[in-house]
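Okay, structure first, notes after.
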């Protein structure tokens with residue numbers, strides 16, 4: 001029966017057991033088959049086993065290391081093996097700084113950081129840090145943590161694993177003895193079948209031994225080190241809803257305007273929470289979210305309003321005002337080009353695909369691109385539609401060039417705002433070209449006419465062939481048609 005539990009690394013006081021070694025059987029190397037020797041002297045009950053597996057058929061019992069012995073006498077209370085874990089929740093004024101202090105404390109105590117997680121933003125930031133310190137330094141570690149902020153709650157728990165450690169050592173003792181007996185049998189096995197069966201059983205015993213050894217190392221490490229879970233949060237006044245502002249701007253250059261706002265935020269000790277920049281048919285758009293101190297929020301909105309045409313300004317303050325030294329007031333800015341250009345046109349042309357490709361090439365040569373292309377064709381109709389994004393300054397000239405490629409059916413041009421920027425493609429052109437009405441029917445008529453002409457030619461050939469047979473009885477008698485004669489006529 002195996003002892004359950006995950007395999008972990010031993011802590012500073014752990015005494016790790018050896019990993020299983022590869023042994024060599026009589027007929028070659030057999031992985032996982034190893035042996036240890038009988039004990040030479042008894043050991044303390046709590047000591048971790050240290051057998052060193054070697055090749056089963058290459059080493060005698062006298063050469064193998066000693067095995068641990070289990071004490072049958074009950075352990076005194078002072079020798080109990082306890083896994084001690086603690087937790088503490090602290091209110092701090094700076095989450096990021098407190099996280100760094102906790103991590104430094106773990107290292108200075110001779111331990112390490114198991115995990116560190118930070119959640120939320122602004123007034124809603126919190127963190128959870130899990131550290132391990134030597135068991136004998138647990139009290140000192142908790143005392144150092146209390147100095148980082150206000151203790152909200154704290155606790156310590158312990159799990160007694162003394163009996164598990166003793167039970168595992170007893171299991172190991174029995175398996176070591178069984179392994180020794182199997183090794184002896186292996187050395188004197190009379191047949192190949194016996195060798196195979198004994199080696200398989202040795203591999204099973206060695207697997208059980210290694211599993212329990214790993215459990216022992218894990219338990220020993222958890223006894224030697226204590227886990228402290230540190231929960232960090234901001235005080236109540238920080239968690240109150242901070243001021244929130246909203247502002248939309250129409251500007252000539254959204255990208256440079258966003259950079260100006262970010263520069264001002266940084267001088268105020270704030271930071272950028274989110275920035276998204278993209279192109280649409282209506283122009284360049286920048287969505288910006290920044291955080292500053294509550295006292296600086298209104299002034300930042302006034303500054304941003306001077307950079308363009310403001311709209312949708314809104315400033316909300318809910319709950320108690322957070323402390324001024326924390327940048328947790330949010331400003332959401334929507335910055336977009338002040339020009340909205342859009343146009344559409346349609347043509348009739350015999351070859352829609354060729355025309356559309358020429359318009360596309362013209363747009364791409366000017367730095368534009370095709371955002372959408374669709375094509376439809378059947379027996380009666382052939383149509384191509386595409387949406388082009390081009391520079392505002394190139395829109396009219398591209399439309400004029402396209403109008404010369406076919407029969408213009410529709411033209412629509414709209415411009416909202418002033419001074420369109422030529423820096424980036426931000427004007428949309430909906431372009432379509434299709435075969436003219438009746439164009440497909442004309443080709444059908446031509447095809448039908450060609451078919452009728454072919455039938456008439458065939459009919460004439462047949463008539464001439466019959467006349468030829470009537471005028472030449474010899475040819476008519478054998479039922480053959482003199483094609484050369486008909487052709488010559």
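If we count other beta carbons within 10 Å of each Cβ, what is the order of 434, 364, fewest first?
Numbers: 434 21, 364 13.
Least crowded to most crowded, the residues run 364, 434.
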**Prompt:** Using a simple spin-label model with points 7 Å from Cα along the Cα→Cβ vector, what separation in nm is obtained for residue 353 and residue 373?
**Reply:** 1.1 nm
**Asked** Once you put a point 7 Å from the Cα of residue 119 and another 7 Å from the Cα of residue 137, both along the Cβ direction, what distance in nm separates them?
**Response** 2.9 nm
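Pop the C-beta distance of residue 126 and residue 170 into the FRET formula with R0 = 56 Å and round what comes out to the nearest 0.05.
Details: r = 46 Å, r/R0 = 0.83.
So the FRET efficiency works out to roughly 0.75.
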**Message:** Just to be sure I understand: if I project the alpha-carbon convex hull of the stretch 144-229 onto a plane and average over all orientations, what area do I get in nm²?
**Reply:** 7.7 nm²
**Virtual spin-label span in nm between residue 163 and residue 344, 7 Å along Cα→Cβ** = 8.2 nm
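With a 10 Å Cβ neighbour count serving as the proxy for reagent exposure, in which order, fewest first, do 250, 311 appear? Present the calculation step by step, with values, prior to reporting the outcome.
Numbers: 250 19, 311 11.
Ascending number of Cβ neighbours within 10 Å: 311, 250.
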**Request:** Can you grab the distance from the C-alpha centre of the stretch 113-176 to the C-alpha centre of the stretch 341-400, Å, no decimals?
**Result:** 67 Å
**Complete:** Length gained if residue 315 through residue 303 is fully extended, taking 0.36 nm per residue and subtracting the Cα-Cα distance, is 2.9 nm
**Complete:** Listed with the fewest Cβ neighbours within 10 Å leading, 435, 104, 225 appear as 104, 435, 225
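Each value in this text was obtained by applying a stated rule to the coordinates, not by laboratory testing. Being a predicted model, the structure only gives us computed values, none of them experimental. Glycine also receives a Cβ, built like all others from the backbone with ideal geometry; neighbour counts cover every protein chain displayed.
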